[in-house]
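See structure below.
The values are calculated or read from the model by the stated rules, or taken from the named source; none is laboratory data. These numbers come from a predicted model, not from an experiment. Positions of Cβ are generated from backbone atoms using ideal geometry, with glycine treated the same way; all protein chains shown enter the neighbour counts.
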Ligand code: ADP
Ligand code: MG
């Protein structure tokens with residue numbers, strides 16, 4: 001089909017048809033966006049429940065919630081069967097609750113209790129139909145075309161089955177894209193306009209039931225000579241060469257849920273006596289709770305669990321708290337779950353004949369990569385901070401949408417990423433912004449600055465990363481915050497905190513902070529351009545001109561307040577210690593300077609407009625000068641004391 005024949009009102013959406021969850025996305029003027037369900041859900045659980053007569057009666061969350069109660073009628077993980085014979089899929093069968101039989105030409109078929117047979121394509125079509133309807137409701141137009149992603153290792157039959165499923169759902173597949181390629185595209189990898197060099201990346205995709213590690217060679221479009229080059233070739237299969245894939249079809253988040261269920265069951269049996277027969281409802285509750293607990297532990301240091309055990313004596317409530325440490329010990333054990341995932345990465349590297357150091361970036365995909373231990377271990381292996389700025393469970397769909405919009409010829413006018421569109425900085429004392437990377441700096445860009453604390457014995461600081469042209473945080477946009485904690489207590493101004501900003505060629509910003517004396521570090525990643533249209537950028541820039549003078553004055557006063565406070569603290573300490581040993585007239589001058597500066601600090605702090613910045617600056621200077629004899633006396637004293 002040719003793009004010319006299609007009117008612009010005929011959108012192409014991007015679909016991630018996942019084993020566990022599926023999503024649909026579209027590029028709006030805000031960039032790639034996930035299209036939500038009516039109730040605001042992003043992911044659609046890839047689960048379909050059939051009625052006795054073989055009619056699909058629930059798709060998605062409700063089918064998932066009740067899966068344990070209807071094991072034979074509920075079809076989940078059908079992706080494992082796509083385009084495969086029953087024999088091929090033999091190894092997968094113990095993972096499935098429903099019955100799989102051999103159909104025509106050996107193809108796998110799902111046998112429902114009422115006697116109906118369903119092909120994996122038909123089940124996938126139910127999921128795709130739901131996504132199509134979701135897209136139509138959001139975009140308010142008929143949706144007939146889609147880019148659909150598949151694992152890099154899918155063979156031709158599996159790809160054909162995917163196309164077939166789409167056709168059953170009334171969707172024409174404009175292109176099948178490999179999931180790791182889509183993830184890379186979502187980050188803009190391979191879409192730079194600079195004369196970027198080819199590079200090698202790893203995509204680590206840990207989902208609900210499967211792990212896929214792919215090593216890709218990315219050849220930027222500028223280097224693509226002749227056919228396949230130019231805008232039309234961007235994102236084409238020729239740009240992303242799969243060097244190797246390694247996977248484990250039996251490794252995913254579900255295993256962790258199962259481990260937790262086993263733990264709950266074991267402990268509940270200890271509590272209530274074994275021989276207890278858990279009802280399907282209780283088992284269902286345990287399964288859902290296990291997943292919730294796991295998800296909670298990705299964010300919190302501990303999670304509490306409470307399950308009512310039906311049929312158990314004494315009201316039958318099982319309760320316990322599980323800490324992240326305990327959780328990490330069980331999934332991170334030698335030879336355990338996380339180690340198996342790392343072994344897979346090593347296999348992928350070996351097959352590509354590469355060392356971890358030859359991988360330039362690592363992209364994290366799949367909901368299970370939210371587990372902090374997974375991020376740490378993958379980061380350690382590749383000795384580089386993995387890309388996590390985009391939601392790992394959405395990144396494939398976002399990339400599919402990006403590819404769709406390229407194929408749709410809608411990419412013109414998109415924000416180019418070869419410059420930083422808005423300045424990037426960090427919040428300092430008093431709500432001022434210290435800009436590290438200026439607007440229009442070309443990427444990659446890198447800047448560092450030293451900061452310190454403003455309060456004694458501060459062991460943790462919050463870093464607020466902001467974007468915008470104005471001088472005060474409240475007039476800029478916060479991109480996110482993170483904490484640098486665990487610093488040893490030191491007097492204000494002593495810690496040396498080096499903040500490093502790095503924007504790579506794709507506009508991904510990596511901010512790290514390290515306290516030099518203790519070596520404590522912390523970092524975060526953001527995609528700064530996300531959600532900003534070209535108009536937003538223009539408006540922000542215009543506003544910064546209008547407010548430039550006012551903003552600068554305010555910034556200056558705020559800085560003066562903060563710095564003068566530190567000065568006042570040092571100098572009053574010096575007065576207490578060595579004031580008596582200097583000339584009384586000089587001491588008099590110091591005390592007068594302290595009084596003057598202190599009053600400016602108080603007024604400036606209350607209202608920055610009430611003070612004259614220049615006079616403030618002068619007052620600070622003259623106190624600094626007046627205090628020179630104190631410093632000399634202090635040095636003389638310490639020499640004498642030695
Ligand atoms: P798939 O690609 O297999 O369809 P997803 O990428 O959607 O799967 O990942 C689903 C898995 O991610 C599930 O096992 C889910 O429990 C897990 N998951 C989602 N969010 C988190 C989280 N915050 N922490 C840990 N695991 C998570
Ligand atoms: Mg996936």
Check your understanding: In the set 54, 31, 18, which member is touching a residue at least 12 places away in the same chain (Cβ under 8 Å) and closer than 21 Å to residue 171 by Cα?
Key -> 18
Study note, to complete from the structure: Taking the range 359-372 and keeping only residues that are at pLDDT 95 or above, away from ligand 1 (no atom under 16 Å from the Cβ) and either under 16 Å from residue 396 (Cβ atoms) or not in a loop (DSSP other than H, G, I, E, B) (or both), one is left with 362
**Study point:** Among (1) part of a loop (DSSP other than H, G, I, E, B); (2) under 20 Å from the mean Cα position of the chain (by Cα) - the single one residue 54 does not satisfy
**Key:** (2)
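Listed here are the residues, each with its yes/no results for (1) closer than 16 Å to residue 366 by Cα; (2) in a strand (DSSP E or B).
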| site | (1), (2) |
| --- | --- |
| 126 | no, no |
| 130 | no, no |
| 141 | no, no |
| 176 | no, yes |
| 208 | yes, no |
**Study point:** Selection count, the range 250-282, where residues are in a helix (DSSP H, G or I) and over 32 Å from the mean Cα position of the chain (by Cα)
**Key:** 11
**Study point:** Criterion: within 15 Å of ligand 1 (Cβ to nearest atom), modelled with pLDDT under 95 and part of a helix (DSSP H, G or I) - qualifying residue of 182, 222, 152, 161
**Key:** 182
Check your understanding: Can you tell me which residues in the range 256-297 are under 16 Å from residue 329 (Cβ atoms) and either in the same structural domain as residue 94 (by TED's automatic domain parsing) or in contact with a helix residue (DSSP H, G or I) (Cβ under 7 Å, 6 or more places away or on another chain) (or both)?
Key -> 256, 259, 260, 293, 294, 297
Point to revise | Test set (1) surrounded by fewer than 17 Cβ atoms within 10 Å (Cβ to Cβ); (2) within 49 Å of the chain's Cα centre (by Cα) - residue 583 fails condition number | key: (2)
Exercise for review: Quick one: which residue in 385, 346 is outside the structural domain of residue 511 (by TED's automatic domain parsing), modelled with pLDDT of 95 or more and away from ligand 2 (no atom under 16 Å from the Cβ)?
Suggested key: 346
Point to revise | The listed residue being part of a helix (DSSP H, G or I) and modelled with pLDDT under 95, out of 329, 403, 375 | key: 403
Point to revise | First in the range 349-370 and touching a residue at least 40 places away in the same chain (Cβ under 8 Å) and more than 23 Å from residue 19 (Cβ to Cβ), second anywhere and away from ligand 2 (no atom under 16 Å from the Cβ) and in a helix (DSSP H, G or I), Cβ under 7 Å, 6 or more apart | key: 349/356; 359/382
Revision key, fill the gap. Filtering the range 426-447 for residues that are more than 20 Å from residue 544 (Cα to Cα) and either at pLDDT 90 or above or part of a strand (DSSP E or B) (or both) leaves a count of 4
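What number of residues within the range 69-94 satisfy the criterion of being surrounded by 16 or more Cβ atoms within 10 Å (Cβ to Cβ) and either farther than 23 Å from residue 284 by Cα or out of contact with any strand residue (DSSP E or B) (no Cβ under 7 Å at 6 or more places or on another chain) (or both)?
Total satisfying the criteria: 12.
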Exercise for review: Go through (1) within 18 Å of residue 260 (Cβ to Cβ); (2) within 16 Å of ligand 1 (Cβ to nearest atom) one by one and return the number of the condition residue 333 breaks.
Suggested key: (2)
Check your understanding: Counting only residues that are surrounded by fewer than 22 Cβ atoms within 10 Å (Cβ to Cβ) and at pLDDT 95 or above, which one in the range 27-36 is farthest from ligand 2 (Cβ to nearest atom)?
Key -> 36
